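Below you will find the structure I want to go over with you.
The values are calculated or read from the model by the stated rules, or taken from the named source; none is laboratory data. Just so it is clear, the structure is predicted and the values come from calculations on it, not from any experiment. All Cβ positions, glycine included, derive from the backbone under ideal geometry; neighbour counts span all protein chains shown.
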Amino acid sequence: MLNIVLVEPQIPQNTGNISRTCAVTGAQLHLVKPFGFEISDKHLKRAGLDYWDKLCVTYYDNLEDFFSKNEGEYFYFSTKGKNVHSDIIYPDNAYIIFGREDRGLPETLIFSNFERTARIPMRGELRSLNLSNSVAIAAYEVLRQQGYPELY
């Protein structure tokens, strides 16, 4: 089982695309509020509507709520990450955690978990990849390491 966690997602199209990635890989989607949109947003539905009923999605009021209800190994993705994402060994039932599109995860969370913080390599003069692309890259690395369970 792979768990994808979005903390305060702001762009409905990204969340819709990520929901599609979760549906086709069997990953569980965890959405931490507040959101920058309503779940009924037409852009979210357009990006992932035909997959939404195939998702296992859980909603949380905030990060504290998420951490109080889940146990496992957490990996935080950030452009400030210490480790290259493909150098980490991800266990079964890993949680890969991503922050808001406009400011990422809280720095206190990143730096208090620096050994478990991953980055996706990119050119230094550019800000970052799109969130839905980053989630897909990370998710498929975890699944590759696990031998693509139940995927063909």
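Mind telling me which of the residues 59, 51 ends up being of a type in the set (Phe, Trp, Tyr), over 18 Å from residue 10 (Cα atoms), free of Cβ contacts under 8 Å to residues at least 60 places away in the same chain and surrounded by 13 or more Cβ atoms within 10 Å (Cβ to Cβ)?
On the way: 59 fails: over 18 Å from residue 10 (Cα atoms).
On inspection, the qualifying residue turns out to be 51.
In addition: Among residues belonging to region 86-111 that are among the small types (Gly, Ala, Ser) and assigned to a loop (DSSP other than H, G, I, E, B), point out the one that is farthest from residue 34 (Cα to Cα). Break it down into steps so the answer makes sense when it comes.
Of region 86-111, the ones among the small types (Gly, Ala, Ser) are 86, 94, 99, 104.
Checking the rest, the ones that are also assigned to a loop (DSSP other than H, G, I, E, B) come to 94, 99.
Details: 94: 23, 99: 12 Å.
Applying the filter and picking the extreme gives 94.
So the check is Cβ under 7 Å with 6+ separation or different chains; which pairs have a first residue in region 88-99 that's farther than 20 Å from residue 9 by Cα and free of Cβ contacts under 8 Å to residues at least 40 places away in the same chain and a second one that's assigned to a strand (DSSP E or B) and of a type outside the set (D, E, K, R)?
88/75; 88/118
Cβ-Cβ distance below 6 Å, separation of 6 or more or different chains: which pairs start in region 71-86 with a residue that is among the acidic types (Asp, Glu) and end on one that is surrounded by fewer than 17 Cβ atoms within 10 Å (Cβ to Cβ)?
So the pair list comes out as 73/91.
Go through region 123-152 and report how many residues are out of contact with any Phe, Trp or Tyr (no Cβ under 9 Å at 6 or more places or on another chain), over 16 Å from residue 2 (Cβ atoms) and either surrounded by 13 or more Cβ atoms within 10 Å (Cβ to Cβ) or touching a residue at least 40 places away in the same chain (Cβ under 8 Å) (or both).
Residues that pass the stated criteria total 5.
Kindly list the number of the only condition in (1) among the hydrophobic types (A, V, I, L, M, F, W, C); (2) closer than 30 Å to residue 151 by Cα; (3) modelled with pLDDT of 90 or more; (4) buried (at least 18 other Cβ atoms within 10 Å of the Cβ) that fails for residue 24.
Here residue 24 clears every test but (4).
Among the numbered criteria (1) assigned to a helix (DSSP H, G or I); (2) modelled with pLDDT of 95 or more, which one does residue 75 miss?
For residue 75, the failing item is (1).
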